[in-house]
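The next block holds one structure in the form of structure tokens; read it before the comments.
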Amino acid sequence: MADTDDRPGGLNVLGGPLLACSYDPLTGFFRDGCCETGVDDVGSHTVCARVTADFLAFSRSRGNDLSTPRPEYRFKGLVEGDRWCLCAARWLEAYEAGMAPPVVLESTHEMALRIVPLQALLAHAWGQRPERHRNAD
């Protein structure tokens, strides 16, 4: 399966093509592996994060338990190191609390920037070299 989302208009926060976030576990509002969004995605599941144990505990404490398996939804539960399309507001809340997980910028949809400042995402970039980021100023 391809690593990129080839739907028209799928851009990441760096201005390039939106890359897949995760196929295992299968993530995304549309459960297509990408942090694509649309009018029905009221939570804006646009931030591709590599979840940490601290973030999972933080999210659970805020009422969103992402680590407990939910077989009725075919959800096996997340573990540290999994990539997942997070709601932009939840990621920002974690950022403000000092609990934000690392972000995969190439897989984070540009619409996340309506909620999360680019500088915050850049500061939490996972596996990136700073010279590759555009609009970092």
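Work out the charge dipole of segment 1-127 with +1 on the Cβ of Lys and Arg and -1 on the Cβ of Asp and Glu about the Cα centre, then indicate which of C21, Y73, P102 is farthest towards its positive end.
Of C21, Y73, P102, it is Y73.
So if I place +1 on the C-beta of Lys and Arg and -1 on the C-beta of Asp and Glu, and nothing else carries charge, what would the dipole magnitude of the chain be about its Cα centre? I want it in debye, nearest 20.
200 debye
Counting each pair of different Cα atoms once, what's the Kirkwood radius of the chain in Å, rounded to one decimal?
14.8 Å
Calculate what fraction, in whole %, of the accessible area of the chain sits on carbon and sulfur atoms when a 1.4 Å probe is rolled over the protein chains.
For the chain, the apolar C and S fraction of the accessible surface comes to 52 percent.
Check C48: other-chain or 5+ apart residues with amide H under 5 Å from its amide H, H built from backbone geometry?
Result for C48 returns L86, V104, T108, H109.
Just G38, G16, G28 to compare: in a GNM of the chain, with alpha carbon springs under 10 Å, which one fluctuates most?
G38
So what J values fall out for segment 51-63 if you push phi through Karplus, 6.51 cos²θ - 1.76 cosθ + 1.60 with θ = phi - 60°, rounded to Hz, Gly and Pro as x?
Once rounded to whole Hz, the list reads 5, 10, 4, 4, 5, 4, 5, 4, 4, 4, 5, 9, x.
The values are calculated or read from the model by the stated rules, or taken from the named source; none is laboratory data. Bear in mind the structure is a predicted one, so any value in this text is a computation, not a measurement. With ideal geometry, Cβ positions are generated from the backbone for all residues, glycine too; neighbour counts draw on all protein chains shown. Ligands, DNA and RNA are stripped out before the accessible areas are found, and what is left, the full protein with its side chains, is counted by its heavy atoms. Shrake-Rupley method; radii C 1.70, N 1.55, O 1.52, S 1.80 Å.
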